[in-house]
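One structure below.
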Amino acid sequence: MRTPITTYLSLAVLLVLLVALPTLADLANYPAFTSVATRVLIYGIAAASLNFVLGFGGMVSFGHAAFFGIGGYVVGILYQHYSLGEPLFGVFPGSNQLLVTVPLAVLVSGAMAALIGALSLRTGGVQFIMITLAFAQMLFFLFVSLKTYGGDDGLIIRRANELGDLNLRDRQTMYYLCLTIAVSFLFLLWRIVNSRFGNVLIGLRQSERRMAALGLSAYRYKLAAFVISGMGCGLAGALMANFLRYVSPDMMHWTKSGELMVMVILGGVGTLFGPFIGAGAFIMLESLLAAWTENWQLGLGFILLLLVLYTNGGLQALFSRLFRRDA
Amino acid sequence: MTRPILNVTDLAKRFGGLVATDNVSIDVRPGEIHALIGPNGAGKTTLISQLLGELPHDAGRIELEGREIGKLSTARRVHLGLARTFQVTCLLPDYTVLDNVAIAIQLRQGHSFRFWGNVRKDSALREKARGFLRDAGLEDRAEVVTANLSHGEQKQLELAVALATEPRVLLLDEPMAGLGHVESEQMIAMLRGCKQRVSMILVEHDMDAVFALADRVSVLVYGRIIATGTVEEIRENAEVRTAYLGEGEDLC
């Protein structure tokens, strides 16, 4: 089974379009679209990370906003210590270097995912959903009460992190940075999903009993997947903190976990591109419907309902069926 | 007499007041098919689950090649050479037939913390998996999604997957259940074919299959083994006849 050449072609066309997007947006006299696209890319990374455990691994985590938020707060807290010149815990100096803050954000959210995963993965099904939700809410309230770091109001990051000579405050620069990271991340996920590890993970979703009978100790593989997924969400959170130059506990509120899940379902559970498509659809719908009525979630709910009932696999499945009809 | 490869002594399991396994002792010698028969609810599947460690037992010993494995995890037991098939087929439904066998070989080859290479382009693995499918007569169906297989083919695949883990002892839970006459014949031929490589405990209701394959038969009733012997001995055993065989021709 070889991947058809048309798939590579359409991917190449898509990539060219994405690279040209800021120019096209400027030409269309709608430069703000570049920022919308940046948001889509960042949420796409987060949703793809959630999809890694939810869609491929069958672990329905309802607490992934926690890792998104932690990623953001690592950037925010490091910046605060950097700007005030006070070391964190009296030892670690703060930083505003992207090459320091983002990897740290990924590591810290990975460590948190290891901790939360180690405890929640001892359960399954509904208990797993509730425990991940509970952990996320605990972190939410922890950051609400952390007055040093802004509490309820969140933290303002006066200047975006530095990366060489790049000005990350610039809309287009930030877009290209996020595009590069999103594409690399997707490539990484693609390799993992098709690797031996991915094979085991997808097997576990289909039948844990079968995998056990084949001699698999499921727990460590699920935990590894959960950590990878948490790291991906942390990466997205760190980028979001740089993009908005602001972090707040809202980033880890349970509704954010819900939004990520909606993106995954909209786009297509257990697909590689689905979460990115879903993130795009979600953000478009949010802005379109919100311009029309303040009860925009009602409209979104209906659309989600239709997609779930009739597309049999979200927007990704819908697109691929439309394309196949053309061919 | 050769030393048994799998030796179970005084295995016991209770679910509250119900004694599911009542001091069961059973052994399998190398190259032997030891059939386990008994009416529904006798505790045959429960016994298999305990042997593989999916269900913990309360008391007794399970020895594989002289080594006590009763406290080990299912994964460890599988690596030491136990495998099972399921009465209600338990396969990976979204994967192709070939994927189902390949993943069994993959897990046999060691840990799967390998994140980079494409597992479906691992030609050695794929070729090996094809070999097992060829033995099971499923080679033509390699690229079919498992959920689309017929019931009989799924049963054959169950066996192919179990054999792909290269077990020393195979625990078969009603491999003939739901098979037509021709399919049963094929299954019997296949089991007979791998008898030299792997010893088996065969739980089965199809008496023709049991009498055709088994070297010894044990009869389990209410969690207790009431008789063990050769096919002839079991056929002649009065207690067995009343408890089980005497219930008429309709044995399912």
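The values are calculated or read from the model by the stated rules, or taken from the named source; none is laboratory data. Computed from a predicted structure; not experimentally measured. In this analysis, Cβ positions are derived from the backbone assuming ideal geometry, glycine residues included, and neighbour counts consider all displayed protein chains.
Taking the condition free of Cβ contacts under 8 Å to residues at least 60 places away in the same chain, under 30 Å from B:Ser150 (Cβ atoms), among the charged types (D, E, K, R) and surrounded by 16 or more Cβ atoms within 10 Å (Cβ to Cβ), does B:Lys128 pass? Spelling it out, B:Lys128 is indeed free of Cβ contacts under 8 Å to residues at least 60 places away in the same chain, under 30 Å from B:Ser150 (Cβ atoms), among the charged types (D, E, K, R) and surrounded by 16 or more Cβ atoms within 10 Å (Cβ to Cβ).
Mind listing just one residue for me: the one in segment A:194-203 that is touching a residue at least 60 places away in the same chain (Cβ under 8 Å) and buried (at least 23 other Cβ atoms within 10 Å of the Cβ) and, of those, nearest to the other protein chains (Cβ to nearest Cβ)?
Taking segment A:194-203 as the starting set, the residues that turn out to be touching a residue at least 60 places away in the same chain (Cβ under 8 Å) are A:198, A:201-202.
Retained after the next criterion (residues that are buried (at least 23 other Cβ atoms within 10 Å of the Cβ)): A:198, A:201.
Working: A:Gly198: 7, A:Leu201: 9 Å.
Only one residue fits best here, namely A:Gly198.
Here is a yes/no grid of residues against (1) closer than 29 Å to B:Val19 by Cβ; (2) surrounded by 19 or more Cβ atoms within 10 Å (Cβ to Cβ); (3) hydroxyl-bearing (Ser, Thr, Tyr); (4) in contact (Cβ under 8 Å) with a residue 12 or more places away in the chain:
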position: B:Val145; (1), (2), (3), (4): no, no, no, yes
position: B:Leu159; (1), (2), (3), (4): no, yes, no, yes
position: B:Arg168; (1), (2), (3), (4): no, no, no, yes
position: B:Met187; (1), (2), (3), (4): no, yes, no, yes
position: B:Met190; (1), (2), (3), (4): no, no, no, yes
position: B:Val219; (1), (2), (3), (4): yes, yes, no, yes
position: B:Ala238; (1), (2), (3), (4): yes, no, no, no
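Residues that are more than 24 Å from the chain's Cα centre (by Cα) and assigned to a helix (DSSP H, G or I) within segment A:288-303 comprise A:Ala291, A:Trp292, listed in sequence order.
Could we say that A:Val262 is assigned to a loop (DSSP other than H, G, I, E, B) and either among the small types (Gly, Ala, Ser) or within 30 Å of A:Gly198 (Cα to Cα) (or both) here? I'd like the intermediate steps shown before the answer.
On the way: assigned to a loop (DSSP other than H, G, I, E, B): no; either among the small types (Gly, Ala, Ser) or within 30 Å of A:Gly198 (Cα to Cα) (or both): yes.
Taking the combined requirement at face value, the residue does not satisfy it.
Residue count for segment A:140-166 under the criterion of being out of contact with any Asp or Glu (no Cβ under 6 Å at 6 or more places or on another chain) and either β-branched (Val, Ile, Thr) or within 14 Å of chain B (Cβ to nearest Cβ) (or both): the result is 3.
Scanning segment A:255-267 for residues that are within 12 Å of A:Gly314 (Cα to Cα) and out of contact with any Phe, Trp or Tyr (no Cβ under 9 Å at 6 or more places or on another chain), which turns out surrounded by the most Cβ atoms within 10 Å (Cβ to Cβ)?
Initially, segment A:255-267 is screened for residues within 12 Å of A:Gly314 (Cα to Cα), giving A:262-267.
Now drop any that are not out of contact with any Phe, Trp or Tyr (no Cβ under 9 Å at 6 or more places or on another chain), which leaves A:264-265.
Working: A:Val264: 28, A:Ile265: 23.
If we take residues in segment A:255-267 being within 12 Å of A:Gly314 (Cα to Cα) and out of contact with any Phe, Trp or Tyr (no Cβ under 9 Å at 6 or more places or on another chain), then A:Val264 is surrounded by the most Cβ atoms within 10 Å (Cβ to Cβ).
Every residue, every condition in (1) within 14 Å of chain B (Cβ to nearest Cβ); (2) surrounded by 16 or more Cβ atoms within 10 Å (Cβ to Cβ); (3) assigned to a helix (DSSP H, G or I), yes or no:
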position: A:Leu168; (1), (2), (3): no, yes, no
position: A:Phe187; (1), (2), (3): yes, no, yes
position: A:Ile192; (1), (2), (3): yes, yes, yes
position: A:Ala212; (1), (2), (3): yes, yes, yes
position: A:Arg220; (1), (2), (3): yes, no, yes
position: A:Ser229; (1), (2), (3): yes, yes, yes
position: A:Gly234; (1), (2), (3): no, yes, yes
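If only residues of segment A:38-71 that are aromatic (Phe, Trp, Tyr), in a helix (DSSP H, G or I) and in contact with a Ser or Thr (Cβ under 9 Å, 6 or more places away or on another chain) are counted, the one that is surrounded by the fewest Cβ atoms within 10 Å (Cβ to Cβ) is A:Phe52.
Quick check on my filter: what residues within segment B:74-126 are facing chain A (nearest Cβ under 7 Å), under 24 Å from the mean Cα position of the chain (by Cα) and of a type in the set (S, T, N, Q)? Within segment B:74-126, B:Thr74, B:Gln106 meet the criteria.
Specify the residue that is farthest from B:Leu92 (Cα to Cα); the eligible residues are those in segment B:154-203 that are within 14 Å of chain A (Cβ to nearest Cβ), touching a strand residue (DSSP E or B) at 6+ places or on another chain (Cβ under 6 Å) and not in a loop (DSSP other than H, G, I, E, B). Even if it seems obvious, please write down each step before you answer.
The initial filter retains those residues of segment B:154-203 that are within 14 Å of chain A (Cβ to nearest Cβ), namely B:154, B:157-173.
So of that shortlist, the ones also touching a strand residue (DSSP E or B) at 6+ places or on another chain (Cβ under 6 Å) come out as B:162, B:165, B:167, B:169-173.
Checking which are not in a loop (DSSP other than H, G, I, E, B) leaves us with B:162, B:169-173.
On the way: B:Ala162: 13, B:Val169: 23, B:Leu170: 20, B:Leu171: 19, B:Leu172: 18, B:Asp173: 18 Å.
Of everything passing the filter in segment B:154-203, B:Val169 is farthest from B:Leu92 (Cα to Cα).
Please return the ranges of helices (runs of 4 or more DSSP H) entirely within segment B:14-128 where 3 or more residues are among the β-branched types (Val, Ile, Thr).
Numbers: elements: B:44-52, B:74-80, B:97-108.
Answer list for segment B:14-128: B:44-52, B:97-108.
Looking at B:Leu107, B:Leu64, just one residue is outside the structural domain of B:Pro30 (by TED's automatic domain parsing), touching a residue at least 40 places away in the same chain (Cβ under 8 Å) and either under 30 Å from B:Gly223 (Cβ atoms) or buried (at least 20 other Cβ atoms within 10 Å of the Cβ) (or both), and that residue is B:Leu107.
Looking across A:Leu88, A:Leu84, A:Leu133, one residue alone is under 27 Å from A:Leu285 (Cα atoms), touching a Gly at 6+ places or on another chain (Cβ under 8 Å) and surrounded by fewer than 22 Cβ atoms within 10 Å (Cβ to Cβ). It is A:Leu133.
Could you please let me know if A:Val262 is in contact (Cβ under 8 Å) with a residue 60 or more places away in the chain and of a type in the set (Val, Ile, Thr)? Taking the combined requirement at face value, the residue does not satisfy it.
Does segment B:165-186 hold any residues that are more than 22 Å from B:Gln50 (Cβ to Cβ) and within 13 Å of the chain's Cα centre (by Cα), and which are they? Working first, answer last.
So the first thing to find is which residues in segment B:165-186 are more than 22 Å from B:Gln50 (Cβ to Cβ), and the list is B:166, B:176, B:178-186.
Hits for segment B:165-186 are B:Glu166, B:Met176.
Among (1) out of contact with any Gly (no Cβ under 7 Å at 6 or more places or on another chain); (2) modelled with pLDDT of 95 or more; (3) in a helix (DSSP H, G or I), there is one condition A:Leu309 misses while meeting the rest; what is its number? A:Leu309 satisfies every listed condition except (2).
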